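A short worksheet on the structure shown next.
The values are calculated or read from the model by the stated rules, or taken from the named source; none is laboratory data. Just so it is clear, the structure is predicted and the values come from calculations on it, not from any experiment. Here the Cβ is made from the backbone with ideal geometry for all residues, glycine too, and neighbour counts use every protein chain on show. We work out accessible area using only protein heavy atoms, side chains counted, and drop any ligands, DNA or RNA first. Shrake-Rupley method; radii C 1.70, N 1.55, O 1.52, S 1.80 Å.
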Amino acid sequence: MPKKYFLQLGQDLVLTAILLSLMGYHLFAEAIHEWLGLAFLGLVLCHNGLNLWWFKKLRQGEYTPYRRLQTGLNLLLILLFLTAVISGILLSKHIFAEWRFHSTGDFVRKIHMLSVHWIQIVLAVHLGLHWKMLSGFFSKILSLSPVSFGAKYALPSFWIGLSAYGFWAFFQRELFPYLINRVDFAFFDMEESKAMFYFDFFAILIAFAYSTRFLVWFFLFRKNNATS
């Protein structure tokens, strides 16, 4: 595989770890949360820099249903990132606290919560659109043949089980109200372990990503596969 691919993969793994850390606002000091936010922004910019070709080709080629979905999702993700970053800077109590536009109003806080929670979901869907590539990568790392039992049954069973737990954690943690802006103040369990928090939110990420992989196949590619 090209070195650029490994660089992108390593970058995306770090990006995911930082995103999960940012979701755990209560796990770190506020100053650390803000620095993690800046690191997240930097990695997002690097990620887009490595994929400038995608922006250059926006006006080229045919827009299939899959490409329309992918393009719309990416543009939505960019909008959510901008919203989260701008609202986060406005709410800053440490790094940008002395800036004139500093604001800790309820509206800005709710917008920040809304955009951050949607980023997790949309990023998971984005991951799901690239699941076939990731599946091939995992099989190669584990030295599994594409037609082996491990690649065809064991790994999918693992992802399905983790996804089922992820959906349970999503509803158990009552995250849906955050997505419809029905939460005024975020609730955090200050005594929960970091390991459990990371596992739950990683499982939630996988749940939406793996579900996307199946939904995209069912609605966009199933008929093509059946007739090919």
Could you list, in sequence order, all residues of segment 158-180 that are in a helix (DSSP H, G or I) and out of contact with any helix residue (DSSP H, G or I) (no Cβ under 6 Å at 6 or more places or on another chain)? F158, I160, G161, A164, W168, F171, Q172, F176, P177
Count of segment 96-112 residues which are at pLDDT 90 or above and under 16 Å from F40 (Cβ atoms): 1
Would you check if W217 is within 22 Å of the chain's Cα centre (by Cα), farther than 23 Å from L19 by Cα and either touching a residue at least 40 places away in the same chain (Cβ under 8 Å) or in a helix (DSSP H, G or I) (or both)? yes
Which members of segment 181-214 meet the condition of being farther than 22 Å from T16 by Cα and at pLDDT 90 or above? N181, R182
Restricting to segment 114-151, give me the number of residues that are under 28 Å from Y25 (Cβ atoms) and loosely packed, with under 13 Cβ neighbours inside 10 Å. 0
Which listed residue is assigned to a helix (DSSP H, G or I) and without any contact (Cβ under 8 Å) to a residue 12 or more places away in the chain, from L36, L13, L41, L19: L13
Condition first: aliphatic (A, V, I, L, M), open to solvent by 40 Å² or more (accessible area, probe 1.4 Å) and in a helix (DSSP H, G or I). Now tell me which residues in segment 91-113 satisfy that. I111
Restricting segment 179-201 to residues that are crowded, with 19+ Cβ neighbours inside 10 Å and touching a residue at least 40 places away in the same chain (Cβ under 8 Å), the one nearest to Q120 (Cα to Cα) turns out to be F201
Could you please tell me which pairs satisfy a Cβ distance under 7 Å, a separation of 6+ or placement on different chains, a first residue in segment 140-157 that is farther than 20 Å from F6 by Cβ and part of a loop (DSSP other than H, G, I, E, B), and a second residue that is at pLDDT 80 or above and open to solvent by less than 50 Å² (accessible area, probe 1.4 Å)? S145/A151
